[in-house]
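J.: Structure in C-alpha cells, see below.
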Amino acid sequence: VTVRQVDVRAGAGDYPVMVGRGLLRRTAEVVAGRVPGVRRWAVVSDSRVAPLHGRIVHSALEAADLALDLLTFPAGERNKTRTQWADLTDRLIAAGLGRDGGVVAVGGGVTGDLAGFVAATFMRGIPVVQVPTSVVAMVDSAVGGKTGVDTPAGKNLVGAFHPPRLVLVDPDTVGTLPRPERAQGWAEAVKHGAIVDAAYLDGLAERAPALLDGDPETVLEAVLRSIEIKAGVVGDDEREAGRREILNFGHTVGHALEAQSGYRLPHGSAVSLGMVLEARLGEALGVTDAGTSDHLARALERFQLPTRLDGPGGAALPDALLLRDKKVRDGVLRIVFLARPGEVAPAPGAPAAWAHPVDRESVRSVLGPEP
Ligand SMILES: NC(=O)c1ccc[n+]([C@@H]2O[C@H](COP(=O)([O-])OP(=O)(O)OC[C@H]3O[C@@H](n4cnc5c(N)ncnc54)[C@H](O)[C@@H]3O)[C@@H](O)[C@H]2O)c1
Ligand SMILES: [Zn+2]
C-alpha cells in the first residue's frame, strides 16, 4: 500500500502522521520503526470501535510480541471522565505496564482525548500513538496534542498537552462510521478550507457525496489536506495563543449554540451554523466580503449540515453569546472573522491576535430575531 506522510512540528518533538489504506494491519512494523524504545503497547479503544478496529491493531502488535492488553471502556462522550481515566490507569498498572510502555488509542475523539490523557499522566508521561477512526478524530483531534476529560462543570476542563509520537490514519475505518457521524467531521474540514484554502473548500463541497459515503480514496485525500492545514497552524503555535486561534472560526457562536441546546446539538452541526452566522456578522461589520456566508452555507448544505437557525434557538442566541462570553473574558466578545473564503481577516494586533472584538449592539442587530 502507498503511505502518505505529513510531519507535524511540536515543541516536545516532531511527529509523523501516516495516512494509508490498510495501515491498521501494519501497526506493529510502523510503530517498531517509528517509536523503537517502547517494549509493550496497551491498546485502548471504546466498546464500539474495539471489535471493529481495535482488535486488528491489537492482533498486529501481538503477532510482533509488542502487545499488552486491549483495554476497552464504554463508548460515548459521557464516559470521557476522570472516573474512566482512573479506571484505565489502574488497569494499566495491574497489567504491569511500565515506563518502557506506551498507549495506542484506537477510536474517535473521545478515545483519543481520554487515552491520550492516561498516557500523559501515566508515570509522568509515556508515549501515545493516535489511531483515529472517526472523521472528527482524523481531521481534528488526533493532531495538535490536546488531551483531557470532561467534568460535570464543562467539557475538557481537565487535561494536558501530550503530542502523540505517531498518528496512523487508515481511511478504510470510516466505512463503519455512521453517515451522520461522518458529516459531523466534514464540518471541521470545511472550516479548514474556509480559513486557509478556498480551493480545498470548494473541492470538499464538490466531493461531498463520496465523502459522506466514506469512499476511502476520497476520504484519504481530504483527511491529508485537513491534517496538513491543522499541522501547519498548530506547528506555528503549539500552545494556543497567536495563530492557533484561527481554528476557532465558527466556534464562538458554535459553542454558544451547543451550550444553549444543553449539548443536544452535535458539535459539527453547531460549528456549521456558527461559521455561517459568524460570516454574516463579519459581512455586516464590513470585515468579511459580501457573499461569504452564502458561499459557506452552500458547501455545508452539501453535507446535510444545518445552516439556518429556526425556532426559538435563534431569538435566544445573542443573549447566550453575550452571557457566555461575559463569564469567560471580561464582557468583551471576540470572534475570528474571514476576509473571504480561504482567508482569515487579521485582527488589530495580528499576528498575535486573530479574534476581533465585537460590540453587543452588532450581535443583537445581526444575530437577533427579525424585527
Ligand atoms: N483534542 C482535540 O484537539 C479535540 C478536537 C476536536 C474534538 N475533540 C474531542 O473529540 C470528541 C468528539 O470526537 P468524536 O466525534 O470522534 O466522538 P467519539 O469518539 O465519541 O466517536 C463518535 C461515535 O462513533 C463511534 N466510532 C468512532 N469511530 C468509528 C468507526 N470507525 N466505526 C464505527 N463507529 C465509530 C464511537 O464509538 C462513538 O460512538 C469530543 O470529546 C471532543 O471534545 C478533541
Ligand atoms: Zn470543533
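The values are calculated or read from the model by the stated rules, or taken from the named source; none is laboratory data. Owing to the predicted nature of the structure, the values given are computational and were not obtained by experimental measurement. All Cβ positions, even for glycine, are placed from backbone atoms using ideal geometry, and neighbour counts span all protein chains on display. With ligands, DNA and RNA removed, areas are computed over all heavy atoms of the protein, side chains included. Shrake-Rupley method; radii C 1.70, N 1.55, O 1.52, S 1.80 Å.
J.: So if I check each of G116, G54, G76, G98, which one is over 21 Å from M138 (Cβ atoms) and not aliphatic (A, V, I, L, M)? Spell out how you get there, then give the answer.
T.: Details: G116 fails: over 21 Å from M138 (Cβ atoms); G54 fails: over 21 Å from M138 (Cβ atoms); G76 fails: over 21 Å from M138 (Cβ atoms).
The unique qualifying residue is G98.
J.: State yes or no: is G154 of a type outside the set (S, T, Y), more than 15 Å from the chain's Cα centre (by Cα) and within 16 Å of ligand 2 (Cβ to nearest atom)? Steps first, please.
T.: On the way: of a type outside the set (S, T, Y): yes; more than 15 Å from the chain's Cα centre (by Cα): yes; within 16 Å of ligand 2 (Cβ to nearest atom): yes.
So G154 passes the test.
J.: Could you check the range 234-255 and list, in sequence order, the residues that are touching a residue at least 24 places away in the same chain (Cβ under 8 Å), assigned to a helix (DSSP H, G or I) and out of contact with any Gly (no Cβ under 8 Å at 6 or more places or on another chain)?
T.: Correct list: G235, G242, R243, E245, I246, L247, N248.
J.: Looking only at the range 267-295, count every residue that is in contact (Cβ under 8 Å) with a residue 12 or more places away in the chain and either touching an Asp or Glu at 6+ places or on another chain (Cβ under 8 Å) or more than 21 Å from G185 (Cβ to Cβ) (or both) and tell me the total. Show your work before the answer.
T.: Taking the range 267-295 first, the residues in contact (Cβ under 8 Å) with a residue 12 or more places away in the chain are 267-282, 284-285, 287-289, 292-293, 295.
Keeping just the survivors that are either touching an Asp or Glu at 6+ places or on another chain (Cβ under 8 Å) or more than 21 Å from G185 (Cβ to Cβ) (or both) gives 267-268, 270-271, 280-282, 284-285, 287-289, 292-293.
Number satisfying all stated conditions: 14.
J.: In the range 105-129, what residues are open to solvent by less than 10 Å² (accessible area, probe 1.4 Å) and over 20 Å from the mean Cα position of the chain (by Cα)?
T.: Within the range 105-129, F122, I126 meet the criteria.
Residues are listed down the side, and each one gets a yes or a no for (1) within 14 Å of ligand 2 (Cβ to nearest atom); (2) modelled with pLDDT of 95 or more; (3) of a type outside the set (A, V, I, L, M); (4) out of contact with any helix residue (DSSP H, G or I) (no Cβ under 8 Å at 6 or more places or on another chain):
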{"position": "K191", "(1), (2), (3), (4)": "yes, yes, yes, no"}
{"position": "D202", "(1), (2), (3), (4)": "no, yes, yes, no"}
{"position": "E206", "(1), (2), (3), (4)": "no, yes, yes, yes"}
{"position": "P216", "(1), (2), (3), (4)": "no, yes, yes, no"}
{"position": "V223", "(1), (2), (3), (4)": "no, yes, no, no"}
{"position": "E228", "(1), (2), (3), (4)": "no, yes, yes, yes"}
{"position": "R244", "(1), (2), (3), (4)": "yes, no, yes, no"}
{"position": "G250", "(1), (2), (3), (4)": "yes, yes, yes, no"}
{"position": "P266", "(1), (2), (3), (4)": "yes, yes, yes, no"}
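J.: Which of the residues that make up the range 263-291 are open to solvent by less than 40 Å² (accessible area, probe 1.4 Å) and either of a type in the set (V, I, T) or not in a helix (DSSP H, G or I) (or both)?
T.: We begin by selecting, within the range 263-291, every residue open to solvent by less than 40 Å² (accessible area, probe 1.4 Å); these are 268-279, 281-282, 288, 291.
Residues satisfying the conditions are V271, V276, T288, G291.
J.: I need a count of the residues in the range 185-209 that are open to solvent by 30 Å² or more (accessible area, probe 1.4 Å) and assigned to a helix (DSSP H, G or I).
T.: Number satisfying all stated conditions: 6.
J.: Only one residue in V139, V167 is crowded, with 20+ Cβ neighbours inside 10 Å and within 11 Å of ligand 1 (Cβ to nearest atom). Which one?
T.: Of the residues listed, the single one that is crowded, with 20+ Cβ neighbours inside 10 Å and within 11 Å of ligand 1 (Cβ to nearest atom) is V139.
J.: Can I ask one more? Quick one: which residue in L220, L265 is hydrophobic (A, V, I, L, M, F, W, C), more than 15 Å from the chain's Cα centre (by Cα) and within 14 Å of ligand 1 (Cβ to nearest atom)? Talk me through it step by step, then tell me what you get.
T.: Values: L220 fails: within 14 Å of ligand 1 (Cβ to nearest atom).
When all the criteria are applied, what remains is L265.
J.: Considering the range 50-104 alone, what residues qualify as being open to solvent by less than 20 Å² (accessible area, probe 1.4 Å), in contact (Cβ under 8 Å) with a residue 60 or more places away in the chain and either under 21 Å from T151 (Cα atoms) or of a type in the set (S, T, Y) (or both)?
T.: Across the range 50-104, the qualifying residue is only K80.
J.: Mind listing just one residue for me: the one in the range 127-142 that is part of a loop (DSSP other than H, G, I, E, B) and within 17 Å of P216 (Cβ to Cβ) and, of those, nearest to ligand 2 (Cβ to nearest atom)?
T.: S134
J.: Checking G242 against (1) touching a Pro at 6+ places or on another chain (Cβ under 7 Å); (2) within 16 Å of ligand 1 (Cβ to nearest atom), which single condition isn't satisfied?
T.: It fails just one condition, (2).
J.: Considering the range 292-312 alone, what residues qualify as being over 29 Å from D213 (Cα atoms) and either touching a strand residue (DSSP E or B) at 6+ places or on another chain (Cβ under 7 Å) or assigned to a loop (DSSP other than H, G, I, E, B) (or both)?
T.: Step one: list which residues in the range 292-312 are over 29 Å from D213 (Cα atoms), which gives 311-312.
Once the filter is applied, which keeps residues that are over 29 Å from D213 (Cα atoms) and either touching a strand residue (DSSP E or B) at 6+ places or on another chain (Cβ under 7 Å) or assigned to a loop (DSSP other than H, G, I, E, B) (or both), the range 292-312 yields only G311.
J.: Additional query: What is the residue count in the range 143-164 for residues that are more than 21 Å from V8 (Cα to Cα) and in a loop (DSSP other than H, G, I, E, B)?
T.: So the count comes out to 2.
J.: Another question, if that's okay. Which numbered condition trips up T147, out of (1) touching a His at 6+ places or on another chain (Cβ under 6 Å); (2) away from ligand 2 (no atom under 16 Å from the Cβ)?
T.: Just one mismatch for T147, condition (2).
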